[in-house]
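Student: I'd like to ask some things about the structure below.
The values are calculated or read from the model by the stated rules, or taken from the named source; none is laboratory data. Here the structure is a predicted model, which is why all the values come from computation and not from measurement. Cβ placement follows ideal geometry from the backbone for every residue including glycine, while neighbour counts extend to all protein chains displayed.
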Amino acid sequence: MSAPPVYRRILLKLSGEALMGEADYGIDPKVIGRLAEEIIEVRRDGVEIGVVIGGGNIFRGEGLAAAGMDRVTGDHMGMLATVINALAMADAIEKRGGYARVMSAIPIHDVAEDFIRRRAIRHIEKGRIALFAAGTGNPFFTTDSAAALRAIEIGADILFKATKVDGVYSADPAKHANAERFETLTYDQVIERKLAVMDTAAIALCRDHHMPLRIYDMTVPGNLGRIVRGEPIGTLVRDP
């Protein structure tokens, strides 16, 4: 028999790139299906879940701006890409027997509810998986910042960031064989060492509201459930 969950409520941050699998663009149905199954399994264990998904598999505002597009326009396109991803995840969850609600920071009533904090908490308390789309609704803020913000707003116990690496390293492990992987870090260590965890605004928001953050490898099947049950997988960022 598996151990019981150690968290009551979590916020899961998925990168848009993670949904691509081995493809160069878009959504891999097998990847999003497996992630949906893991989310449903954790929900059935009694954990309340909110999810923020990035849009980098479709559009990334910062990248579009670097190519010459107006930054605000690019960021709005990136926000809409996250709505596409959230709708895809909601579909995958519901096809597997779960219940999901997409809530958007940008009004888009035909496909998603507006994000209203009390309504979001109500959905989560009723056992629905709340998918928070369109970032914060503002340009110049990443979906990392949106994840930190939503985690604090819904009263999550912890913020999980699902990536393609097994934690935080002192340098890029693909380029530096001697890169050190950290078991734990403080928020200030992440900022001072300029470690590629989340953007500085998101880390500062977590620090100021004492929101612990765990970075883990989502490509390993079952990792989400193991972490929820207390296994020290990946890197934990927390107060000193």
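Student: Restricting the stretch 1-22 to residues that are in a loop (DSSP other than H, G, I, E, B) and out of contact with any strand residue (DSSP E or B) (no Cβ under 8 Å at 6 or more places or on another chain), which is farthest from Ile215 (Cα to Cα)? So that I can check it myself, show each step before the final result.
Tutor: At the first step, the residues of the stretch 1-22 found to be in a loop (DSSP other than H, G, I, E, B) are 1-8, 15-16, 21-22.
Going one step further and asking which of them are out of contact with any strand residue (DSSP E or B) (no Cβ under 8 Å at 6 or more places or on another chain), we end up with 1-6, 21-22.
Numbers: Met1: 26, Ser2: 22, Ala3: 21, Pro4: 21, Pro5: 18, Val6: 17, Gly21: 19, Glu22: 21 Å.
Among residues in the stretch 1-22 that are in a loop (DSSP other than H, G, I, E, B) and out of contact with any strand residue (DSSP E or B) (no Cβ under 8 Å at 6 or more places or on another chain), the one farthest from Ile215 (Cα to Cα) is Met1.
Student: Only one of (1) crowded, with 20+ Cβ neighbours inside 10 Å; (2) at pLDDT 85 or above; (3) under 12 Å from the mean Cα position of the chain (by Cα) fails for Glu17. Which number is that?
Tutor: Only one criterion is unmet by Glu17, namely (1).
Student: Would you check if there is a residue in the stretch 44-65 being surrounded by 20 or more Cβ atoms within 10 Å (Cβ to Cβ), more than 17 Å from Tyr216 (Cα to Cα) and polar (S, T, N, Q)?
Tutor: The answer is yes; a qualifying residue exists.
Student: Which condition number in (1) among the aliphatic types (A, V, I, L, M); (2) over 22 Å from Thr142 (Cβ atoms); (3) more than 16 Å from the chain's Cα centre (by Cα); (4) surrounded by 22 or more Cβ atoms within 10 Å (Cβ to Cβ) is the one that Val190 fails?
Tutor: Val190 satisfies every listed condition except (2).
Student: Pro139 versus (1) buried (at least 21 other Cβ atoms within 10 Å of the Cβ); (2) in contact with a His (Cβ under 7 Å, 6 or more places away or on another chain): which is the lone unmet condition?
Tutor: Of everything listed in (1) buried (at least 21 other Cβ atoms within 10 Å of the Cβ); (2) in contact with a His (Cβ under 7 Å, 6 or more places away or on another chain), Pro139 misses just condition (1).
Student: From the list Gly68, Gly74, Gly55, exactly one residue is more than 18 Å from the chain's Cα centre (by Cα), assigned to a loop (DSSP other than H, G, I, E, B) and not hydrophobic (A, V, I, L, M, F, W, C). Which is it? Quick ask: steps written out before the conclusion?
Tutor: Values: Gly74 fails: assigned to a loop (DSSP other than H, G, I, E, B); Gly55 fails: more than 18 Å from the chain's Cα centre (by Cα).
Just one listed residue meets the conditions, Gly68.
Student: Is it the case that Gly33 is modelled with pLDDT of 95 or more and either more than 24 Å from Ala148 (Cα to Cα) or over 17 Å from the mean Cα position of the chain (by Cα) (or both)? Outline the logic, then answer.
Tutor: Working: modelled with pLDDT of 95 or more: yes; either more than 24 Å from Ala148 (Cα to Cα) or over 17 Å from the mean Cα position of the chain (by Cα) (or both): yes.
Against the criterion (modelled with pLDDT of 95 or more and either more than 24 Å from Ala148 (Cα to Cα) or over 17 Å from the mean Cα position of the chain (by Cα) (or both)), Gly33 qualifies.
Student: Right, another one. Collect the residues in the stretch 158-216 that are out of contact with any helix residue (DSSP H, G or I) (no Cβ under 9 Å at 6 or more places or on another chain), in contact (Cβ under 8 Å) with a residue 40 or more places away in the chain, of a type in the set (A, V, I, L, M, F, W, C) and over 19 Å from Val51 (Cα atoms), keeping them in residue-number order.
Tutor: Residues satisfying the conditions are Val165, Leu185.
Student: Which pairs do you get when a residue that is among the hydroxyl-bearing types (Ser, Thr, Tyr), found in the stretch 125-144, comes within reach of a residue that is in a loop (DSSP other than H, G, I, E, B), reach meaning Cβ atoms under 6 angstrom, with the pair 6+ apart or on two chains?
Tutor: Filtered contacts from the stretch 125-144: Thr136/Ala105; Thr142/Asp199; Thr143/Gly54; Thr143/Gly135.
Student: So, one more: Restricting attention to the stretch 83-101, and to residues there that are under 16 Å from the mean Cα position of the chain (by Cα) and small (Gly, Ala, Ser), which single residue is farthest from Ala18 (Cα to Cα)?
Tutor: Ala100
Student: Which numbered condition trips up Ser15, out of (1) of a type in the set (Ser, Thr, Tyr); (2) without any contact (Cβ under 8 Å) to a residue 60 or more places away in the chain; (3) within 17 Å of Gly135 (Cα to Cα)?
Tutor: The failed condition is (2).
Student: Oh, and also: Just checking, how many residues over the stretch 146-181 are within 20 Å of the chain's Cα centre (by Cα) and more than 30 Å from Phe115 (Cα to Cα)?
Tutor: Selection size over the stretch 146-181: 5.
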